[in-house]
């Protein structure tokens, strides 16, 4: 069974096509007008060994908020669809990623319940046309649409680039672990449903 999904989202503000494959090789084709975000999404795909194709455009003249949040919606929907019934998955994942002065911890539960705890303090900053503070909204959109519980914690860090890149790498590693298939053949829950 291929664990993959294709999501298309068109609104008055954005137009997004996203193809996501859990059991990939880190292959990417990412094209948005927010170049630093492209870099973050490429890091996510490479460090999770996910295949990701993302074509997105939107009204970035007013800021990148609408586009980044809508991509989060699409990624969340793709994760949920690709996991299907969640049979034989590991379910839980955890990762700690250092990047120079930065260290980020991420834990995840593919439990079917949406919850985000985001403890990543950093000042508002613009990297090209990308506002650093939008990432919390991105992950809120991911968790709400993937139906996952996600904790992201900054243990240390000063440089916004390092912090955000470590967040995406750690999220990728934790998600990959949680998606890993076991030979149980069961849904990993006492309820029998995730």
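Values quoted throughout were computed directly from the atomic coordinates according to the rules given, and no laboratory measurement underlies them. Only a predicted model underlies this, so the values are computations on that prediction, with no experimental measurement involved. As a convention, Cβ positions derive from the backbone with ideal geometry for all residues, glycine included, and neighbour counts pool all protein chains shown.
By average Cβ neighbour count within 10 Å, what is the ranking of 93-100, 123-130, 59-66 from highest down?
Taking the mean over residues of other Cβ atoms within 10 Å, the ranking is 93-100, 59-66, 123-130.
Please compute, for the alpha-carbon atoms of the range 4-179, the extent along each of the three principal axes and give them in descending order in Å.
43, 38, 28
So what is the relative contact order for the range 4-179, in percent, with contacts set as C-alpha pairs under 8 Å and at least six apart?
Answer for the range 4-179 is 27 percent.
Between 49, 145, 31, find the one with the highest GNM mean-square fluctuation for the chain; connect C-alpha pairs within less than 10 Å.
Result: 31 has the largest fluctuation of those listed.
Any idea what angle helix 160-179 forms with the longest principal axis of the chain, computed on alpha-carbon atoms, 0 to 90 degrees, nearest 10?
Approximately 10 degrees, to the nearest 10.
Need one word for the range 28-86: rounded, prolate or oblate. Basis is the Cα gyration tensor (sqrt eigenvalues a ≥ b ≥ c); a/c below 1.5 gives rounded, then a/b vs b/c decides.
Oblate, because a/c is 1.5 or more while a/b does not exceed b/c.
Sort 131-138, 167-174, 185-192 by packing, meaning the average of other beta carbons within 10 Å per residue, with the highest value first.
167-174, 131-138, 185-192
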